[in-house]
1. Going by the structure shown, is residue A:57 of a type in the set (Ser, Thr, Tyr), under 16 Å from the mean Cα position of the chain (by Cα) and surrounded by 15 or more Cβ atoms within 10 Å (Cβ to Cβ)?
2. Kindly establish whether residue A:118 is surrounded by 15 or more Cβ atoms within 10 Å (Cβ to Cβ) and at the interface with chain C (Cβ under 8 Å from one of its Cβ atoms).
3. What's the total number of residues in region A:3-22 that are closer than 21 Å to residue B:62 by Cβ and β-branched (Val, Ile, Thr)?
4. Name the residue that is surrounded by the most Cβ atoms within 10 Å (Cβ to Cβ), counting only residues in region C:66-98 that are away from chain A (no Cβ under 11 Å) and under 15 Å from residue C:14 (Cα atoms).
5. Please work out if residue C:48 is crowded, with 23+ Cβ neighbours inside 10 Å, of a type in the set (D, E, K, R) and within 15 Å of residue C:116 (Cβ to Cβ).
6. So which helices (runs of 4 or more DSSP H) stay within region A:1-106 end to end and still have 2 or more residues that are outside the structural domain of residue A:135 (by TED's automatic domain parsing)?
7. Here are the criteria: (1) surrounded by fewer than 21 Cβ atoms within 10 Å (Cβ to Cβ); (2) modelled with pLDDT of 85 or more. Tell me which single one residue A:113 does not satisfy.
Amino acid sequence: MLRIISLGLLLYGTWLLLSGHYDPLLLTLGALSCAAVVGVCWRMDTIDREGHPNHLTWRAPWYWVWLAWEIVKSNIDVTRRILSPSLPIDPCVTEVLATQSDDLGQVIYANWITLTPGTVAMVVVPGRIVVHALTAEGAKELEGGRMGRRVCRMMGDPA
Amino acid sequence: MIYAAVTLALLVAMAMALGRAWLGPTVYDRILALNTFGTETVLVIAVVGFLFGRPEFLDIAILYALINFIGTIAALKFFKFGDLGHGLDYEEDDEEGAA
Amino acid sequence: MDALAEGSIAATIATAAEVLGWICVIAGAFFCLVGGIGLLRMPDMFTRMHAAGVTDTMGAGLILAGLALHEGFTLITVKLGFILLFIVFSSPTATHALSQAALAGGLTPWRKGEPRDSEVYSTGPGPSKEEKATAREEASSKG
C-alpha cells in the first residue's frame, strides 16, 4: 500500500514538474492519468520490491556519486585509448560473480558494469555476469569485485 | 557563439555515427550507430533550444529520448525474430512452418 | 553597501556558474566527438559499444549538466535532469540487449591480432539458422 501511494505521488510530481501549468483542469487531468497508470501497474502486479524499489531512495543517490566518479575515470581511460594512434586495446571476455542476494541487486550490478565505458555486461544469469572488457586491466579490476561489494552495500546485503 | 560551435561538433559526431551505420558491416553495428545517433540527436535538440533561446525544445528532446530507446529495442527484436508480435514462441512457429 | 557587496557576490557566483557551464558543454561536445571517432576506429561491434558508451555517459552528462548550470534552478533544469536520468537508465539496457542479440546472432568478439570485422560476420546473407542455433546454445552455456 505504501508503495502504491509513493508511486502515485512520484508520478504526480513528475507530471507537475513537466507540465509547468497549474490551472485546475490540468491538475485534475494529471491526477486522473496518474491514477490510471497506478491502476494499470497494480493490475500488472509490478508495484513490488523490484518494480518500484523505494527502499533504496535514501541510499542510492550517495552511491550514484561514487558511480559518477568511476564513470569519469573510465571515460578518460577509454578516451585516451580511442585517440591514441596505435589504438592500444586488448578486448577480452571474462566472468564475474554477482554475489547480490536478489535479482534486483544483480541487475543493478550489471547496469553499473555496462554504464562504465570499457566494460559491458553481455550475458546475465543468476549469480554470474559475462563481461566484455576493452582491456585486460579493466577485466582484472572488475574481477577484483570492488564495484560488486559497493552494490551489495547499497542493497544492504552482507558482503 | 559557443552553442553554435557545440552544435557543429555534435553534428560532426552524428555524421560519424551515420558513417558507421553506412559501413556496417553487420546489422548490429548499424543499430548501435543509430542508437548513438539518437542520443546525439537528443543533445542537439537541447543545445539548439538554448542557442535560439527557446528551451521549450526540451520537451521534444525528452520525447526523442523515449522513442530512441523504444526504437532500438524494437529494431533489435525485429531483426532477431523477424516479427514484432511474437518472440518467445518463435521456435515452435519455425517448426510449424517446416512441417 | 551590504546590498552592493551581496550583489557582487551573487554576480561572481553567476559568472562562475556560467564559465563552468561553458567548460562542461565544450567538454561534453569533445566526448561526443571521441565517441564518434571510436565508432569509426574500433575493429568490431563489441569494441564499438564501448566507444558508444563514452557518448552516452560522459557526452550526454556533461552537455546536459552544462546547460543546467546556465539555466539555474528552474523547471528547465528539472527537464534536463529527466533527460539525463532517462539516458542513464536506458543506455545500459539498450547496450546489453544489443550485445546479447549480437551474441545470439553469431558474432564472436574480436581478439587482438585478428583482422578488422573478420569474415565470420562480414556482409552477405548472414549466418544460417543452424549456425544461429549453435551460437545461441554456446551463449547460454557460457552464461
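1. No.
2. Values: surrounded by 15 or more Cβ atoms within 10 Å (Cβ to Cβ): yes; at the interface with chain C (Cβ under 8 Å from one of its Cβ atoms): yes.
So residue A:118 fits the description; yes.
3. Within region A:3-22, residues that are closer than 21 Å to residue B:62 by Cβ and β-branched (Val, Ile, Thr) number 1.
4. C:67
5. Details: crowded, with 23+ Cβ neighbours inside 10 Å: yes; of a type in the set (D, E, K, R): yes; within 15 Å of residue C:116 (Cβ to Cβ): yes.
Here the answer is yes, as residue C:48 does meet what is asked.
6. On the way: elements: A:2-19, A:24-44, A:60-83.
Qualifying helices (runs of 4 or more DSSP H): A:2-19, A:24-44.
7. Residue A:113 satisfies every listed condition except (1).
Residue-wise test of (1) over 30 Å from residue A:138 (Cα atoms); (2) within 14 Å of chain C (Cβ to nearest Cβ); (3) in contact with a helix residue (DSSP H, G or I) (Cβ under 7 Å, 6 or more places away or on another chain).
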{"position": "A:17", "(1), (2), (3)": "yes, yes, yes"}
{"position": "A:27", "(1), (2), (3)": "yes, no, no"}
{"position": "A:55", "(1), (2), (3)": "yes, no, no"}
{"position": "A:66", "(1), (2), (3)": "no, no, yes"}
{"position": "A:80", "(1), (2), (3)": "no, yes, no"}
{"position": "A:86", "(1), (2), (3)": "no, yes, no"}
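The values are calculated or read from the model by the stated rules, or taken from the named source; none is laboratory data. These figures come from a predicted structure and were not determined experimentally. Neighbour counts are summed over all protein chains in view; Cβ atoms, including those assigned to glycine, are modelled from backbone coordinates with ideal geometry.
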